[in-house]
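Have a look at the structure below before the remarks.
The values are calculated or read from the model by the stated rules, or taken from the named source; none is laboratory data. These numbers were taken from a predicted model, which means no experiment stands behind them. Cβ placement follows ideal geometry from the backbone for every residue including glycine, while neighbour counts extend to all protein chains displayed. Side chains included, ligands, DNA and RNA excluded: accessible areas come from the protein's heavy atoms. Shrake-Rupley method; radii C 1.70, N 1.55, O 1.52, S 1.80 Å.
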Amino acid sequence: MDYENLINLAIKARESSYSPYSGFSVGASVLCKNGKIYTGCNIESSAYSETICAERVALSKAISEGERDFVAIAVVGGKDSITSFTYPCGACRQFLSELCPQELEIVLFNGNYIEKTTLGELLPKSFNRSSIV
Ligand code: THU
């Protein structure tokens with residue numbers, strides 16, 4: 001699948017990043033099975049631990065609109081321009097794993113190249129619903 005559009009929407013979402021403390025702006029875009037796309041950016045807090053990552057903002061927007069079937073998430077980040085791959089942090093991997101399949105494609109862009117991986121590759125043997133029910 002060609003993820004150019006998804007990446008471009010993540011790049012656009014990154015422009016809304018509120019990141020005065022780290023200066024590191026992140027944008028994310030989630031593609032649903034029905035074709036709809038939801039975007040998000042990181043939002044930092046002066047109480048640092050309340051910061052929320054772009055991935056969790058994008059997925060929360062999708063879930064709160066009733067979406068449950070997810071195909072891919074694109075993530076882009078950087079201080080000024082986008083120069084390296086921004087891998088989802090551990091908290092985001094766990095958050096994604098609640099309602100996304102292991103096959104969820106994670107699409108990263110470093111300004112030049114696209115790297116594709118999956119949630120299962122980034123968070124193998126995760127603690128999940130089946131662990132507790
Ligand atoms: N950040 C994200 O939004 N997503 C990630 O996957 C990695 C980190 C944000 C959190 C914080 O606002 C800034 O990047 C620097 O850590």
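So here's what we get for this one:
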quantity: Two-site FRET efficiency, GLU65 against LYS116, from Cβ-Cβ distance with R₀ of 25 Å, rounded to 0.05; calculated: 0.50
quantity: Signed unit charges on C-beta, dipole axis of the chain, positive-most listed residue SER64, LEU122, LEU6; calculated: SER64
quantity: Paired Rg and Dmax values of segment 4-131, which use every Cα atom, in angstrom; calculated: 13.7, 41
quantity: Around LYS36: net Lys/Arg minus Asp/Glu count, Cβ-Cβ under 15 Å; calculated: 0
quantity: Spin-label pair ILE132/SER84, simplified geometry with 7 Å Cα→Cβ offset, distance in nm; calculated: 3.4 nm
quantity: Highest-fluctuation residue, VAL57, VAL76, VAL30 considered, GNM on the chain with Cα pairs under 10 Å; calculated: VAL57
quantity: In order through segment 82-90: 3J(HN,Hα) via Karplus (6.51 cos²θ - 1.76 cosθ + 1.60), integer Hz, x for Gly, Pro; calculated: 8, 10, 9, 6, 9, 7, x, 5, x
quantity: Heavy-atom accessible area per residue - the chain, 1.4 Å, Å²; calculated: 55 Å²
quantity: GNM result for the chain, Cα springs below 10 Å: residue of LEU123, LEU31, LEU104 fluctuating most strongly; calculated: LEU123
quantity: From phi via Karplus (6.51, -1.76, 1.60), per-residue ³J(HN,Hα) for segment 4-10 in Hz, x at Gly/Pro; calculated: 4, 5, 4, 5, 4, 5, 5
quantity: From phi via Karplus (6.51, -1.76, 1.60), per-residue ³J(HN,Hα) for segment 64-81 in Hz, x at Gly/Pro; calculated: 6, 9, x, 6, 9, 10, 10, 10, 7, 9, 9, 9, 9, x, x, 6, 10, 8
quantity: Most fluctuating residue given options ARG68, ARG14, ARG93, as computed from a GNM of the chain linking Cα atoms under 10 Å; calculated: ARG68
quantity: Using a Förster distance of 30 Å, the FRET efficiency for GLU103-SER49 (Cβ separation, nearest 0.05); calculated: 0.45
quantity: Calculated FRET efficiency for the pair ASN34/ASN5, C-beta based, R₀ 22 Å, to 0.05; calculated: 0.90
quantity: Heavy-atom accessible surface of the chain: percent carbon and sulfur, 1.4 Å; calculated: 52 percent
quantity: THR86 long-range amide H proximity, modeled H, under 5 Å; calculated: GLY77, PHE109
